């Protein structure tokens, strides 16, 4: 005997529920959570080292990598508390990995440097308040057209390595037009991890979005 | 790798429903997937087969209906099905550009076919 049972259940609901619960807990604890996405070598860690000292409250960093603790060591060497997640091959982080490793942390900014990949990290919510994208001018200006989801979901875009602009064929107008087709709101700020250019504006935007500016 | 957590969740849903309904096994799991849901059906099937080994879903067939992705024009508001490599509004003379909508991002289990064949 065979029976058809209607289900209508979203496959990703469970992950979204866990992410939503974690997000609420963080908000209750005064923590603003920034999920950082981009490919390997974009300078995500260097951007964080520029950004964090400009924020008025403590920060905690979770570094996600396939292997190694190189980025965590860099953070700690700069006096920023950090822990490492090694996924040993997995392409993205999920909420339970974050909740199980985050120590007691209240009133501040939580940064998670997601696995360097433009596909899966854009799919899986991990409880973040905002998604921060860090593309660079050395990759070519066609990235919004090739990897639309990451741009569609972004809240803030830091276009890094802007100091190299004179040496590469990066068309900022083409890049910006591609972003705007997918995402009418996310600011695109030009930054340089090497010199620190542009991070004050980025920190101010994050601060305002976090609601902490008026505390 | 990307599809595996989703395949594992689909298996979990199917096993729960089979148990709730006292079924021996599931013969079919029917999915709805938008064209922009970000998951590959063929890859999902492979992951599901691996995850379902030794369970009441070991021989379950995964079937799918696809939903085309729709964009909404930023000038005239028309909703239209996205053509490959283009965001352009199809309305003559409009010249607007389509912004992504949620149509095409669906990813859910629509129904499950359960069987009581005494195999349990």
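Rule-based calculations on the coordinates, nothing more; no lab input. This is a predicted model, so every value here is computed, not measured. Note that each Cβ is placed from the backbone with ideal geometry, even for glycine, and that neighbours are counted across all protein chains shown.
Considering only DSSP beta bridges whose two residues both sit in segment B:4-114, what percent are antiparallel, to the nearest 5?
65 percent
Starting from the Cα of residue A:88, step 7 Å along the direction of its Cβ; do the same at residue A:21; then give the gap between the two resulting points in nm.
2.5 nm
With labels modelled as points extended 7 Å from the Cα through the Cβ direction, what inter-label distance (nm, one decimal) is found for residue A:171 paired with residue B:94?
For the pair residue A:171/residue B:94, the computed spacing is 2.4 nm.
What is the calculated FRET efficiency for residue B:46 to residue A:200, with r their C-beta to C-beta distance and R₀ = 45 Å, to the nearest 0.05?
Using R0 = 45 Å, I get an efficiency of 0.40.
Expressed in whole Å with the largest first, what are the equivalent ellipsoid semi-axes of segment B:4-114 derived from the C-alpha gyration tensor as the square root of 5 times each eigenvalue?
38, 12, 9
Counting DSSP beta bridges in the protein assembly as shown, what percent are antiparallel, to the nearest 5?
If I count the DSSP bridges inside the protein assembly as shown, around 40 percent turn out antiparallel.
At a 10 Å Cβ-Cβ cut-off, how would you order A:45, B:27, B:101, A:136, fewest neighbours first?
Ranking A:45, B:27, B:101, A:136 by Cβ neighbours within 10 Å, fewest first, gives B:101, B:27, A:45, A:136.
What fraction of the Cα pairs in segment A:75-176, stated in percent, has a spacing above 21 angstrom?
Roughly 46 percent, once rounded to a whole number.
In nm, give the distance between the simple-model label positions of residue B:63 and residue A:68, each being 7 Å from the Cα along the Cα-to-Cβ direction.
Roughly 4.9 nm, to one decimal.
Cut-off is 10 Å between beta-carbons; in what order do A:209, B:75 appear when sorted fewest neighbours first?
With the fewest neighbours first, A:209, B:75 line up as B:75, A:209.
Between residue A:57 and residue B:86, what FRET efficiency follows from the Cβ-Cβ distance if R0 is 45 Å, with the result rounded to 0.05?
Working from the Cβ atoms, E equals 0.50.
With N set to the residue count of segment A:103-153, report its C-alpha Rg divided by 2.2 N^0.38 Å to two decimal places.
Cα-based Rg divided by the globular estimate yields 1.35.
Would you tell me the mean number of C-beta atoms belonging to other protein chains that fall within 10 Å of each C-beta in A:8-19, as a whole number?
Other-chain Cβ atoms within 10 Å of each residue's Cβ, averaged: 5.
Calculate for chain A the 222 nm mean residue ellipticity that helices alone would give, adding -39,500 (n - 2.57) per DSSP H run of length 4 or more and normalising by residue count, nearest 500 deg cm²/dmol.
So the helix-based figure for chain A works out to -9500 deg cm²/dmol.
For the protein assembly as shown, take N as its residue count and report Rg(C-alpha) divided by 2.2 N^0.38 Å.
For the protein assembly as shown, the normalised Cα radius of gyration is 1.11.
Using Cβ contacts closer than 10 Å as the measure, can you line up A:137, A:119 from fewest to most?
Starting with the residue having the fewest Cβ neighbours, the order is A:119, A:137.
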